[in-house]
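The values are calculated or read from the model by the stated rules, or taken from the named source; none is laboratory data. Not measured: the values here are computed from a predicted model. Methodologically, a virtual Cβ is constructed for each residue, glycine included, from the backbone with ideal geometry; neighbour enumeration extends over all protein chains shown.
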Amino acid sequence: MAAQYHHSLRFEASRCNGCMSCMRICPTAAVRVRKGKAAIKLMDCCIDCGECIKVCTQGVIIPLTDQMADLSQYQCRVAIPSPALYAQFEPEVLPGVIFAALKECGFDDVECLSRACDAVTTATEIYVSEYRGQSPLISSFCPTVVRLVQVEYPELVNQMLPILSPREISARDAKARKSAETGLPTDLIGAIYLTPCPAKMVSILEHPGMERSYLDAAVAISDLFQTLTAAVARVGEIEENMDGCETASGVSWAFLGGLPRSLPAEHTFTVAGLQNVIRILDDVEKGRLRNYSFIECHACPEGCVGGCLTVENPYVARAKAIKLRQQLPAGPAVDRESVERRYRQGEFLMDEPLTPRPLRPLDDDISKAIGKMKERDRLLSRLPRIDCGACGAPSCRAFAEDVVLGEAADENCLFLRR
Amino acid sequence: MSTEEIEAMFSITGRDYTNAGRASTSIKGILKRLGINPAVVRRTAIASYEAEMNLVMYAVRGTMHLRVNPATVTLEVEDEGPGIKDIALAMQEGYSTATPEMREMGFGAGMGLPNIKRNSDQFEISSAAGRGTRLSIRINQAS
């Protein structure tokens, strides 16, 4: 069976009031409430989507991103901001100012993501146009979507786009650049993503399709925001120097539809929000949507600006990003020929194919699994099927499965006890 | 063998496009929970979805009956409806009697039945014009 997954969330039981919001929202039914405290019971199921963080009002679920103090092992710390970072500020605050402010906050340098975004867009176009396998291809830049496919749609891993994300390309470029500039070995150069969600942390700890991630750490935008805002005020207006800085096309990656803009519109679309992504993947698995060549999938509504470690409302953030975009050079920041040459050399491709990590079935032996499913269905027929949650499972069906698997007892159900 | 077999029955209503596809989603869920080989799950998902959509589009009502044992997945689909006049013709790729309404929704490429057959290890179809259609497919669990 699959090895232990890395996760980017921790439940602090002492703060939990047992309200069950996280259990009800969890899209993979991984959470259970036992003795009034919520916890992830099924680690293999958790896809690090952060939905539980968004609904918890008690601060129980703690994202396991890095703190600035954790980064002291690096002699040179390069910040790589998610484009969602800029959308947290008023559009008048240009990326150049935020770069300067980040240097005030303890980073030695900043690598802008736009160049990599534009390169990856081009690489994706080439890959999609030359692809002859089963359609549609599914974007792999959102780690939650990747994990969702690995866990719930194992057969679709072959349709995941095997192209590295802009954050990975940027980290690789930043390390090479800083190593050349400073003479430091790359392991002393920390490539640190400023992240809108905890899921990116997972892809750093364990990057699918790669031996390891080029990124070393991820700091939450929400953790950094207060210090960064103060630094922005201190830095004030700097001379406008957009050289090597963000472009409109790069910043567009923070919100919906940023990527496939340059792909033929009639053969691609964008889907966001986990429930919608699940519906689309269901359709793909059934062989529908074969006429589409590429689907851009985001776990968060509105894309990365909707991540649970951001500060601004995602819709306002999107509006701000659009305004900011108007003030930036159009892009792309790279020339197509050089990207194509690098693409042919394999620079944008993942090292190995993505592997499925299907959920553990009711039993590893199909005959026994059939027996357990019958037992589950027999129990389920005695349950009220109102999914009240009082037993600590998100649905009567999940409860029946827990009982059959020996993880819960009949008497946990109020109705069976009557 | 029967103790090692599980079955499930799904009722489907013709023209009910809102719920169309739910039975095949449930079927897929059952197979995954049983730990059926992902390739078999996908073939069943595609075949059952095509069969379900055929039923929704053409028939008045019908049922899908799933049976799973450690060796095979069997699906029997029966409907009350207009039936198929010429099965050989209906089995040809690209042949379709879809209405403009169905084509609007992305169906009617004439790939439904051929696609079901391609994804099955055993495929039987019979039909009585004016009465209905009966489809039986089996997918073997490749080891």
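Structure data summary
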{"quantity": "Residue within segment A:43-63 that is within 18 Å of the chain's Cα centre (by Cα), more than 22 Å from A:H7 (Cβ to Cβ) and either assigned to a helix (DSSP H, G or I) or not hydroxyl-bearing (S, T, Y) (or both) present", "calculated": "no"}
{"quantity": "Residue match in segment A:401-418 (condition: away from chain B (no Cβ under 14 Å), touching a residue at least 40 places away in the same chain (Cβ under 8 Å), at negative phi and out of contact with any Asp or Glu (no Cβ under 8 Å at 6 or more places or on another chain))", "calculated": "yes"}
{"quantity": "Residue ranges of helices (runs of 4 or more DSSP H) in segment A:323-418 with at least 2 members of a type in the set (G, A, S)", "calculated": "A:366-382, A:396-404"}
{"quantity": "Selection within segment A:67-84 - under 16 Å from the mean Cα position of the chain (by Cα) and within 15 Å of A:D223 (Cβ to Cβ)", "calculated": "A:P81, A:S82, A:A84"}
{"quantity": "Subset of segment A:337-352 [of a type in the set (K, R) and more than 15 Å from A:A116 (Cβ to Cβ)]", "calculated": "A:R341, A:R344"}
{"quantity": "Selection status of B:V41, within 11 Å of chain A (Cβ to nearest Cβ), more than 12 Å from the chain's Cα centre (by Cα) and touching a residue at least 12 places away in the same chain (Cβ under 8 Å)", "calculated": "yes"}
{"quantity": "Looking only at segment B:28-38, and only at residues there that are closer than 15 Å to A:L281 by Cα and under 16 Å from the mean Cα position of the chain (by Cα), the one that is nearest to the other protein chains (Cβ to nearest Cβ)", "calculated": "B:K28"}
{"quantity": "Subset of segment B:6-27 [within 7 Å of another protein chain (Cβ to nearest Cβ) and either out of contact with any helix residue (DSSP H, G or I) (no Cβ under 7 Å at 6 or more places or on another chain) or in a helix (DSSP H, G or I) (or both)]", "calculated": "B:S24, B:T25"}
{"quantity": "Unique residue being part of a helix (DSSP H, G or I), out of contact with any Cys (no Cβ under 7 Å at 6 or more places or on another chain) and farther than 17 Å from B:M9 by Cα when the list is B:A98, B:A88, B:A45, B:A109", "calculated": "B:A88"}
{"quantity": "Residue within segment A:154-163 that is outside any helix (DSSP H, G or I) and out of contact with any helix residue (DSSP H, G or I) (no Cβ under 7 Å at 6 or more places or on another chain) present", "calculated": "yes"}
{"quantity": "A:R397 vs. criteria more than 9 Å from chain B (Cβ to nearest Cβ), at pLDDT 95 or above and farther than 20 Å from A:R32 by Cβ", "calculated": "no"}
{"quantity": "Condition met for A:S338 (more than 14 Å from every other protein chain (Cβ to nearest Cβ) and among the polar types (S, T, N, Q))", "calculated": "yes"}
